[in-house]
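Have a look at the structure below, then the notes.
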Amino acid sequence: MSRRSIPVNEISEVLYQWQQGMSKSAISRSLGVSRPTVRRYISEAMQLGLGTDSSPSEVASISVQL
């Protein structure tokens, strides 16, 4: 299994869809990334202080850190 790089805008989209209430499985299907990848990015964002009620500017700044 090989890794592929994920652009920052894709990470932002994962976090945006999560904030909109989509499930990890639905996000995975819509973006074509694995569910564990979606789970990892959401988990890392939460560790950095992002929640489902965070502002778009917070999402953007955290996306760059991931």
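Structural remarks
- In region 1-58, of all residues being among the β-branched types (Val, Ile, Thr) and touching a Ser or Thr at 6+ places or on another chain (Cβ under 6 Å), the one that is modelled with the lowest pLDDT corresponds to Val8.
- Filtered residue count, region 16-61, keeping only those that are part of a helix (DSSP H, G or I), under 21 Å from Ser5 (Cβ atoms) and either open to solvent by less than 40 Å² (accessible area, probe 1.4 Å) or touching a helix residue (DSSP H, G or I) at 6+ places or on another chain (Cβ under 8 Å) (or both): 17
- Residue identified as touching a residue at least 40 places away in the same chain (Cβ under 8 Å) and of a type in the set (A, V, I, L, M, F, W, C) among Val38, Val33, Val8, Val14: Val8
The values are calculated or read from the model by the stated rules, or taken from the named source; none is laboratory data. No experiment lies behind these values; they were computed from the predicted model shown. So basically every Cβ, Gly included, is an ideal-geometry build from the backbone, and we count neighbours across all protein chains shown. Just the protein is used for accessible areas: all its heavy atoms, side chains included, with ligands, DNA and RNA removed. Shrake-Rupley method; radii C 1.70, N 1.55, O 1.52, S 1.80 Å.
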